[in-house]
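First up is the structure itself, then whatever we jot down about it.
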Amino acid sequence: PLSFVHRYEPAAQAGAPPLLMLHGTGGDENDLLGLGRMISSGSALISPRGKVLEGGMPRFFRRLSEGVFDEDDVRARAAELAAFVTEAREAYGLAAPVAVGFSNGANIAAATLLLQPGVLAGAVLLRAMVPLADPPPAELGGVPVLLLSGAMDPIVPVSNAERLAGQLRAAGASLDHQVLPAGHGLSQADVNLARQWIAGPA
Ligand code: MLT
């Protein structure tokens, strides 16, 4: 068995990018399969369950409090997720995936981009925030990233999302950051923008 509990849905269309679906706190491997199908119906979906439990709720790394992260754990868990991506690619014969993460899942995707360049072919970061105050220099070589933030998000201030955008740009990502009239939850606009972006990344 692979190193994460996960769901896998094979591709329905050759050439559609595999999507690595990363759930938010309290979600699981089933949560985002519907979102994945909505944004790219032909893609293979690989959806792991976060291994960290917070009061019984799965997550992808430890936090000390809301928005205050255990950065050593972020680094260790990003390496662990990168290893899982390699395993899953071998097991299922997949190209490098595009991560689609929500909230805590978006944060581990951002950390994986910054710490493990080459693992992800791109990322859709839904309500992500800065996972590492001072990430090491990375060379992302134009990896496409769509960052969608909520103007009224009580968990992620827009200034924090802008700081993440700056970190990703500095690392060489090709970043599209949009601030939507939304809170922390996803809106129809997120789904539409993610679908359009996956269909024809910048
Ligand atoms: C996190 O812990 O990654 C962020 O606070 C988002 C969340 O999971 O609520």
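The values are calculated or read from the model by the stated rules, or taken from the named source; none is laboratory data. Every value quoted in this text rests on a predicted model; they were computed, and no experiment measured them. Here the Cβ positions follow ideal geometry from the backbone for every residue, glycine too, while neighbour counts run over all protein chains shown. Calculation scope for accessible area: heavy atoms of the full protein, side chains included, ligands and nucleic acids excluded. Shrake-Rupley method; radii C 1.70, N 1.55, O 1.52, S 1.80 Å.
Here are some notes:
- Criterion (within 18 Å of the chain's Cα centre (by Cα) and within 15 Å of the ligand (Cβ to nearest atom)) met by exactly one of L168, L146, L164: L164
- Members of the stretch 1-17 found to be open to solvent by less than 50 Å² (accessible area, probe 1.4 Å) and either touching a helix residue (DSSP H, G or I) at 6+ places or on another chain (Cβ under 8 Å) or among the aromatic types (F, W, Y) (or both), listed by number: L2, S3, F4, H6, E9, P17
- Residue satisfying condition, being open to solvent by 20 Å² or more (accessible area, probe 1.4 Å) and closer than 17 Å to A109 by Cα, within set G26, G34: G26
- First in the stretch 37-65 and farther than 17 Å from M21 by Cα, second anywhere and within 14 Å of the ligand (Cβ to nearest atom) and among the acidic types (D, E), Cβ under 7 Å, 6 or more apart: R62/D70; R62/D73; R63/D70; L64/D70
- Among the residues of the stretch 53-76, the ones that are surrounded by fewer than 10 Cβ atoms within 10 Å (Cβ to Cβ) and more than 8 Å from the ligand (Cβ to nearest atom) come to 4 in all.
- Boolean, G42 is open to solvent by less than 20 Å² (accessible area, probe 1.4 Å), in contact with a helix residue (DSSP H, G or I) (Cβ under 7 Å, 6 or more places away or on another chain) and in a loop (DSSP other than H, G, I, E, B): no
- Test: E66 is of a type in the set (D, E), out of contact with any Cys (no Cβ under 7 Å at 6 or more places or on another chain) and modelled with pLDDT of 95 or more: no
- Scanning the stretch 81-125 for residues that are open to solvent by 40 Å² or more (accessible area, probe 1.4 Å) and either touching a His at 6+ places or on another chain (Cβ under 6 Å) or within 15 Å of the ligand (Cβ to nearest atom) (or both) yields a single hit, F102.
- Checking A128 against (1) within 14 Å of the ligand (Cβ to nearest atom); (2) open to solvent by 10 Å² or more (accessible area, probe 1.4 Å); (3) under 24 Å from D73 (Cβ atoms); (4) part of a loop (DSSP other than H, G, I, E, B), the condition it does not meet: (2)
- Selected residue [at pLDDT 95 or above and within 16 Å of the chain's Cα centre (by Cα)] from P58, P10: P58
- Residues in the stretch 1-11 that are part of a loop (DSSP other than H, G, I, E, B) and within 16 Å of V98 (Cα to Cα): P10, A11.
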